[in-house]
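Read the structure below first, then the notes.
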Amino acid sequence: MEWLRQAERDLKAAETSAAAGHHEWAAFQAQQSGEKAVKALVQHLHGAVRGHAVREILLQLPASAAVPQALLRAAQELDKVYLTSRYPNAFASGTPGDYFDENNSRELIGYAREILEFCRSQIHRS
């Protein structure tokens, strides 16, 4: 499953970026990991989805997926960095690199990991 494999690679890239101090890129890569993981699950369930909002994609899953509230919160946190981690005009001044730090990286990577593990478990369950 290509989407899931790429989600795993994006998570590793986020970890690498965080270790190098590129926390804005770690944030974006974590978001991408979460997004691709949920798209893998949608595809596995024979669905299709457009867009980049991880939380919205999770909300579109069938009730049988039983998405935990904590996962929706994790997705919401990842969604917040989709634009702000990349564009200098996302903030009143400075660049994304001025706004993201090690704590952000650790938290966002953790959220991405939770989403990836949830999606992987759902895919392997059926």
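Restricting attention to segment 98-107, the residues being in contact (Cβ under 8 Å) with a residue 60 or more places away in the chain and either closer than 19 Å to GLN60 by Cβ or not charged (D, E, K, R) (or both) number 4. Only residues that are open to solvent by less than 10 Å² (accessible area, probe 1.4 Å) and either of a type in the set (Ser, Thr, Tyr) or at pLDDT below 95 (or both) were counted in segment 23-75, giving 2.
Conditions (1) closer than 23 Å to SER85 by Cα; (2) in contact with a His (Cβ under 9 Å, 6 or more places away or on another chain); (3) of a type in the set (Lys, Arg), marked per residue:
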| residue | (1), (2), (3) |
| --- | --- |
| MET1 | no, yes, no |
| ALA20 | yes, no, no |
| GLN31 | yes, yes, no |
| GLU35 | yes, yes, no |
| LEU41 | no, no, no |
| LEU45 | no, no, no |
| GLN60 | no, no, no |
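In segment 27-39, the residues that are touching a residue at least 12 places away in the same chain (Cβ under 8 Å) form Cβ pairs under 7 Å with partners that are outside any helix (DSSP H, G or I), at six or more places apart or across chains, as follows: ALA27/SER85; ALA27/PHE100; PHE28/SER85; PHE28/ARG86; GLU35/HIS52; LYS39/VAL49. GLY110 meets all of the listed conditions (1) more than 20 Å from GLU56 (Cβ to Cβ); (2) part of a helix (DSSP H, G or I); (3) open to solvent by 40 Å² or more (accessible area, probe 1.4 Å) but one, namely (3).
Residue-level check: of (1) touching a helix residue (DSSP H, G or I) at 6+ places or on another chain (Cβ under 7 Å); (2) closer than 23 Å to ILE57 by Cα; (3) part of a helix (DSSP H, G or I), ARG86 misses just (3).
The values are calculated or read from the model by the stated rules, or taken from the named source; none is laboratory data. Everything numeric here is computed off the predicted structure, so don't read it as measured data. No Cβ is skipped: glycine too gets one built from the backbone with ideal geometry, and neighbour counts run over all protein chains shown. Note: accessible area is taken over every heavy atom of the protein model, side chains too, but ligands, DNA and RNA are not part of it. Shrake-Rupley method; radii C 1.70, N 1.55, O 1.52, S 1.80 Å.
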